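Right, I'll just put the structure down here and ask away after.
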Amino acid sequence: MSFAKRSETWIPLLAANRRQSVVYVTLRFAAMAENTAYIRHLKNLSVNGQEFKYFDLPSLGASYDKLPFSIRVLLESAVRNCDNFQVKEQDVQAILDWEKNQAVEGGVEVNFKPARVILQDFTGVPAVVDFAAMRDAVKKLGGNPDRINPICPSDLVIDHSVQVDFVRTPDALQKNQDLEFERNKERFMFLKWGAKAFQNMLIVPPGSGIVHQVNLEYLARVVFESDNILYPDSVVGTDSHTTMINGLGVLGWGVGGIEAEAVMLGQAISMLLPKVVGYKIVGQLNQYATSTDLVLTITKHLRQLGVVGKFVEFFGPGVAELSIADRATISNMCPEYGATVGFFPVDDNSLAYLRQTNRDEKKIRVMEEYLKSVQMFRNYSDSSQDPVFSEVVTLDLATVVSSVSGPKRPHDRVPVVDMPEDFRQCLTNKVGFKGFGLPADKLDVSAPFIYEGTEYVLRHGSVVIAAITSCTNTSNPSVMLGAGLLAKKAVEAGLKVQPYIKTSLSPGSGVVTYYLQESGVIPYLQALGFDIVGYGCMTCIGNSGPLPEPMVEAIEKNDLVCCGVLSGNRNFEGRIHPNTRANYLASPLLVIAYAIAGRVDIDFQKEPLGHSADGKPIFLCDIWPLRSEIHTVEQKHVIPAMFREVYAKIETGSPNWAQLKAPEGKLYPWDSSSTYIKSPPFFEGMTKELPPIKPIENARVLLNLGDSVTTDHISPAGSIARNSPAARYLAARGLTPREFNSYGSRRGNDAVMARGTFANIRLVNKFVGQPGPRTLHIPSNDMMDVFDAAERYKQEKIPLIALVGKDYGSGSSRDWAAKGPYLLGLRAVIAESYERIHRSNLVGMGVVPLQYLEGQNAESLGLTGKEKYTIKIPQDLRPLQQLTVEVDNGKNFKVLVRFDTEVDLTYFRNGGILNYMIRRMLD
């Protein structure tokens with residue numbers, strides 16, 4: 001293996017095969033360790049006769065002992081990678097002085113190099129597409145395209161699943177997997193090409209599970225070893241729920257696909273040193289509470305506290321009472337409570353989980369000795385280990401009660417006992433996150449419909465979708481087995497689920513199926529309609545599939561507020577299904593309970609779920625399994641052999657995957673007729689030289705939006721509506737609606753994705769009188785689809801901006817929430833505040849994130865959005881500088897430019913992070 005030394009990083013020359021690329025990683029980390037400014041702190045460690053080296057962090061100074069454990073991970077990476085170029089000694093000192101620096105006004109910037117990157121295929125496909133296009137661009141500009149290769153170890157998990165088209169059929173799983181390959185063959189071929197074309201990339205084939213659960217059960221290293229050097233595992237991923245891995249003591253969070261690509265190419269992440277909220281847990285959960293109830297409680301608590309941009313680190317004796325699966329469930333919901341991470345340091349429970357999931361015993365022993373040597377091993381019952389935190393809040397587990405969240409946001413927790421009244425209030429509340437604005441005379445509407453020859457009746461609150469789905473809960477044996485035991489008791493009591501309710505079970509990995517089978521609960525789940533339909537992100541991401549037409553007609557004709565109940569992490573408007581206006585997050589046990597009840601406004605304490613054959617009322621408490629009962633079953637049936645068998649063949653994949661033929665070569669042979677994989681236009685017209693900064697002159701407002709516009713409103717997701725610009729594009733290329741597939745599956749085609757940007761049916765644009773993906777073209781005042789309006793502005797050579805409210809871009813870390821607006825022609829966004837990842841993504845695409853000054857917004861400034869806007873951007877622009885926005889009505893106002901760091905500015909000057917990387921490869 002040979003290397004080319006460059007001024008900024010190590011660049012690998014082309015390796016002949018994957019085995020060589022593994023050698024490359026070993027050599028790279030050895031080289032970095034030997035060249036660090038902190039080589040004097042490298043120390044020896046002997047474990048079971050093996051010799052290792054590690055950086056002795058406690059020797060850096062007394063302040064180390066009181067650092068939050070999450071900050072210690074940042075510090076180790078800075079020490080090991082300190083080359084005084086990307087990571088400087090001042091970064092190390094800034095992290096070591098965290099207690100002082102975390103309170104500095106405006107924050108202290110540091111650089112961080114995570115150990116690895118994990119990609120989910122919805123965002124992994126665009127990443128590989130971008131890499132392929134970057135190779136083309138480098139070649140056109142006279143450089144060596146082979147330099148575009150991952151440096152950071154990268155895992156790509158294909159957890160894509162088709163819509164749940166098959167309901168209550170024993171062969172639903174096989175049908176869905178066959179359909180998955182039929183619909184997505186071209187995408188899978190492309191990814192298989194990428195696995196061979198790019199070094200240092202592991203692809204986990206489709207049908208293996210959800211990326212975050214596979215990460216927890218199989219991919220996570222906890223401690224890396226390279227050339228006998230030990231260091232903590234850390235990860236960034238292209239999905240906001242990458243945070244799930246923090247439950248195992250691996251520091252990780254979601255970034256945009258754009259930022260992840262830069263990390264894969266050896267770039268450090270520039271970040272502001274975070275405040276760390278200490279979340280103290282005490283007490284014990286009662287016998288009827290689940291981890292889902294706990295996480296919904298924490299989510300509401302932390303969202304109210306305000307932890308956006310902060311780390312949350314859990315401590316206290318109550319943490320020792322939580323399994324790793326429980327902790328992972330809490331960490332998974334981190335994006336919903338707004339923090340960057342929800343971190344649980346490694347303890348004895350973590351090591352027990354590694355053994356349970358069949359990790360190597362010798363490696364576990366090394367992990368323990370290393371983590372204890374650097375004081376990263378936690379005893380939650382020892383308060384003397386408690387670090388200093390920015391602030392501390394406390395939760396007594398005994399106060400947690402059975403809960404759900406909804407009807408439109410994951411942090412709107414509702415105790416189950418309050419659900420009947422809360423739902424009734426939501427019906428009449430004004431339209432908003434907790435209201436549907438129905439008039440009083442419409443509350444008792446009922447709608448009969450025929451399904452499979454039988455008449456049923458729907459009304460407000462009727463459950464039409466019930467799904468045990470998503471990584472949040474399917475990774476947790478306690479709630480999955482709890483659901484199975486509840487199903488067993490329900491069936492034995494004679495309870496049923498109405499056949500028109502779309503029920504499904506989509507586990508996060510094959511291990512779940514294994515222990516559900518071994519414990520004997522599968523037949524009872526199937527009897528209630530919860531057949532296994534696939535392994536992947538399904539209902540939670542909107543792949544819930546169509547409802548029966550008679551049901552849809554009844555819902556739409558009568559304006560019913562029907563419901564979805566799912567064990568997921570997201571329930572934003574329009575995400576689950578167009579015909580479920582109210583959606584509730586719940587434990588798998590409650591998903592089954594509400595499915596049996598058939599409605600969400602049931603009072604479980606007073607109303608029975610149904611009756612036995614002899615007419616005896618059956619209440620929920622009669623079939624609810626206790627935590628101790630579930631724990632006994634879990635201890636017996638969730639064993640290492642299951643994980644060994646399932647993951648032994650994970651890289652091989654199914655016969656469909658093994659037989660798939662991928663293109664050869666280092667440059668991808670683009671097919672101009674493809675509607676799935678298309679070379680993006682991001683690098684068209686790119687030059688070697690850095691272009692000057694251009695002002696934004698006489699821009700029009702494409703969209704005028706309010707608060708809490710999520711990436712579900714921005715980024716294309718779910719099914720492609722038949723009357724949408726994306727549908728018209730596909731139909732013009734000869735595809736039928738059945739072949740449209742989903743936006744997620746077409747993330748490798750910018751033409752489809754641009755047309756699907758801001759296409760959410762629940763988008764509320766102030767230019768339009770009702771929700772929908774429409775806007776006003778100004779000054780013609782023509783009402784148009786958002787894409788069509790953007791195209792007209794483009795033809796008129798008019799730049800575009802967007803006016804938005806608070807928390808813009810909250811939700812999943814989707815790169816297309818930034819790429820799409822860029823392709824629509826947005827040059828800038830003016831918001832009251834931004835979600836962390838989305839702001840970073842906008843910067844990564846060269847879109848200017850501007851922020852109103854404190855206390856100001858479009859309304860207070862008297863802006864209608866129909867004006868022309870000019871924004872002069874100086875050539876010597878500085879981070880967080882104030883700029884003046886000139887409006888053609890004579891009103892000028894100041895905004896804060898949200899380039900938070902010098903690195904942000906560098907990316908912007910280059911026209912985005914990918915353009916910056918290309919220019920680096922041309923040096």
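The values are calculated or read from the model by the stated rules, or taken from the named source; none is laboratory data. Model, not experiment: these values are computed from the prediction. Counting neighbours? That spans all protein chains shown, and the Cβs are built from the backbone with ideal geometry, glycine included. We work out accessible area using only protein heavy atoms, side chains counted, and drop any ligands, DNA or RNA first. Shrake-Rupley method; radii C 1.70, N 1.55, O 1.52, S 1.80 Å.
Could you state the orientation-averaged shadow area of the convex hull built on the Cα atoms of the range 681-762, in nm² to one decimal? Present the calculation step by step, with values, prior to reporting the outcome.
Working: hull surface 32.3 nm².
About 8.1 nm², averaged over all directions.
While we're looking at this one, here's another question. Defining a contact as two alpha carbons under 8 Å apart and six or more residues distant in sequence, what relative contact order in percent does the chain show?
13
Seen from all sides and averaged, what is the projected area of the convex hull of the Cα atoms in the range 614-704, in nm²?
With the hull built on Cα positions only, its mean projection is 19.5 nm².
Once phi is turned into θ = phi - 60°, what whole-Hz ³J(HN,Hα) does the Karplus curve with 6.51, -1.76 and 1.60 give for every residue of the range 585-594, x standing for Gly and Pro?
3J(HN,Hα) across the range 585-594, in whole Hz: 7, 7, 5, x, 5, 6, 4, 5, 4, 5.
When the Debye formula is applied to the Cα atoms of the range 242-349, each taken as the same point scatterer, what base-10 log of I(q)/I(0) results at q = 0.10, 0.11, 0.18, 0.24 Å⁻¹?
Rounded to two decimals, the profile gives -0.29, -0.35, -0.87, -1.39.
Helix-only mean residue ellipticity at 222 nm, the chain, DSSP H runs n ≥ 4 weighted -39,500 (n - 2.57), per residue, nearest 500. What is it? Numbers along the way, then the final one.
Working: 32 runs with 305 residues, N = 923.
Value at 222 nm, helices only: -9500 deg cm²/dmol.
For a quick size check, give me the Cα extents of the range 437-556 along its three principal axes, largest first, whole Å.
Computed over the range 437-556, the largest-to-smallest principal extents equal 50, 33, 27 Å.
At a Förster distance of 60 Å, what's the computed FRET efficiency of Asp136 paired with Ala440, Cβ-Cβ distance as r, to 0.05? Show your work: numbers first, answer last.
Details: r = 62 Å, r/R0 = 1.03.
So, using R0 = 60 Å, E works out to roughly 0.45.
Taking θ = phi - 60°, what integer Hz values does the Karplus form 6.51 cos²θ - 1.76 cosθ + 1.60 yield along the range 75-91, in sequence order, with x for Gly and Pro?
These are the phi-based 3J(HN,Hα) values: 5, 4, 4, 5, 5, 5, 9, 6, 9, 6, 10, 6, 10, 10, 4, 5, 5 Hz.
Okay, moving on. For Tyr451, which sequence-distant residues (separation of 5 or more, or a different chain) have an amide H within less than 5 Å of its own amide H, given hydrogens modelled in the peptide plane?
HN-HN under 5 Å from Tyr451: Tyr456.
On to the next question. What residues have an amide H closer than 5 Å to that of Leu703, excluding those fewer than 5 places away on the same chain, when H is modeled at 1.01 Å from N in the peptide plane?
Here the answer is Leu803, since their amide H atoms fall under 5 Å of that of Leu703.
Considering only protein heavy atoms, what per residue accessible area in square angstrom results for the range 455-572 with a 1.4 angstrom probe? Walk me through the numbers before you get to the answer.
Numbers: 2950 Å² over 118 residues.
Ligands and nucleic acids excluded, the figure is 25 Å² per residue.
Something else about it: Over all distinct alpha-carbon pairs, what is the Kirkwood Rh of the range 491-615 in angstrom?
15.7
Using Cα positions and a limit of under 21 Å, work out the lysines in reach of Lys606, with same-chain residues fewer than 8 apart set aside.
Lys489, Lys496, Lys616
Based on the alpha-carbon gyration tensor of the range 797-869, what equivalent-ellipsoid semi-axes (square roots of 5 times the eigenvalues) come out, in whole Å, largest first?
In descending order the semi-axes read 20, 16, 9 Å.
Give me the one-decimal nm value for the distance between modelled label points at Asp888 and Lys100, 7 Å along each residue's Cα-to-Cβ direction.
Label-label distance for Asp888 and Lys100, simple model: 5.3 nm.
For the range 31-102, what size does the Cα cloud have along each of its three principal axes, sorted from largest down, in whole Å?
Dimensions of the range 31-102 along the principal axes of its Cα atoms: 41, 28, 17 Å.
If one puts a single equal scatterer on every Cα of the range 727-794 and applies the Debye formula without solvent, what log₁₀ I(q)/I(0) results at q = 0.15 Å⁻¹?
-0.55
So for the range 229-281, considering every pair of alpha-carbon atoms, how many percent are separated by more than 15 Å? Please list the in-between numbers first.
On the way: 811 of 1378 pairs.
Tail of the P(r) past 15 Å holds 59 percent of the pairs.
What FRET efficiency comes out for the pair Lys616/Thr454, r = Cβ-Cβ distance, R0 = 25 Å, nearest 0.05?
Efficiency, rounded to the nearest 0.05: 0.50.
How big is D for the range 345-490, in µm² s⁻¹ as a whole number, if Stokes-Einstein is applied with the Kirkwood radius of its Cα pairs at 4 °C and 1.567 mPa s?
Taking Rh from Cα pairs, D becomes 62 µm²/s.
Also, quick follow-up: Given a Förster distance of 35 angstrom, what is the FRET efficiency for Gln287 paired with Lys362, based on the Cβ-Cβ distance and rounded to 0.05?
On the way: r = 39 Å, r/R0 = 1.10.
My answer for the efficiency is 0.35.
Provide the packing ranking of 212-221, 296-305, 449-458, i.e. peptides ordered by the mean count of other C-beta atoms within 10 Å per residue, highest first.
212-221, 296-305, 449-458
Calculate one ³J(HN,Hα) per residue across the range 200-206 by plugging θ = phi - 60° into the Karplus curve 6.51 cos²θ - 1.76 cosθ + 1.60, and present them in order as whole Hz with x for glycine and proline.
Working through the residues one at a time gives 6, 10, 9, 10, 9, x, x Hz.
How big is D, in µm² s⁻¹, for the range 535-574 by Stokes-Einstein at 20 °C and 1.002 mPa s if Rh is the Kirkwood radius over C-alpha pairs?
After rounding, the answer is 183 µm²/s.
Considering only DSSP beta bridges where both residues belong to the chain, give the percentage that are antiparallel (nearest 5).
Roughly 45 percent of the DSSP beta bridges within the chain come out antiparallel.
What are the equivalent ellipsoid semi-axes of the chain, built from the alpha-carbon gyration tensor (square roots of five times its eigenvalues), in whole angstrom, biggest first?
Details: eigenvalues 311, 251, 150 Å².
Working from the Cα gyration tensor, I get semi-axes of 39, 35, 27 Å.
Arranged from highest to lowest average of other beta-carbon atoms within 10 Å per residue, in what order do the peptides 883-894, 855-866, 629-640, 145-156 appear?
145-156, 629-640, 855-866, 883-894
Taking H as built 1.01 Å from N, whose amide H comes closer than 5 Å to the amide H of Ala466, not counting residues under 5 places away?
Lys502, Thr503, Ser504, Val565
With only alpha-carbon atoms in the gyration tensor, what are the semi-axes of the equivalent ellipsoid for the range 101-218, in Å, largest first?
33, 23, 12
In addition: Order these peptides, 473-480, 348-355, 646-653, by their mean beta-carbon neighbour count within 10 angstrom, highest first.
So the peptides 473-480, 348-355, 646-653, ranked by packing, come out 473-480, 348-355, 646-653.
Also: Convex hull volume of the Cα atoms in the range 493-540, per residue, in Å³? All intermediate terms of the calculation are to be shown ahead of the outcome.
Working: hull volume 3.6 nm³, N = 48.
Given the Cα convex hull of the range 493-540, per-residue volume reads 75 Å³.
Something else about it: Straight-line reach from Lys688: which lysines have a Cα under 19 Å away, not including same-chain ones fewer than 8 places off?
Partners within reach: Lys139, Lys140.
Pulled fully out, how much extra length does the chain show between Asp382 and Lys694, if you take 0.36 nm times their separation in residues and subtract their Cα-Cα distance?
Working: separation 312, 0.36 × 312 = 112.32 nm, distance 5.73 nm.
Gain in length upon complete extension: 106.6 nm.
When we measure straight from the Cα of Lys300, which lysines land under 19 angstrom away, once same-chain ones fewer than 8 places off are left out?
Lys280, Lys310, Lys408, Lys434, Lys806
Taking the C-alpha atoms of the range 321-402, how large are the radius of gyration and the largest Cα-Cα span, Dmax, in Å?
Final numbers for Rg and Dmax: 14.6, 41 Å.
Okay, moving on. List, largest first, the extents of the alpha carbons of the range 210-304 along their principal axes, each in whole Å.
So the three principal-axis extents are 47, 30, 27 Å.
Same structure, new question: For the range 623-775, what is the Kirkwood estimate of the hydrodynamic radius, computed as the reciprocal of the mean inverse distance between distinct Cα atoms, to one decimal in Å?
20.9
Using every Cα-Cα pair within the range 747-905, state what percent have a distance larger than 21 Å.
Cα-Cα pairs of the range 747-905 separated by over 21 Å account for 46 percent.
Given a 1.4 Å probe and every protein chain left where it sits, what share in percent of the accessible area of the range 831-923 is carbon and sulfur?
Carbon and sulfur: 46 percent of the exposed surface of the range 831-923.
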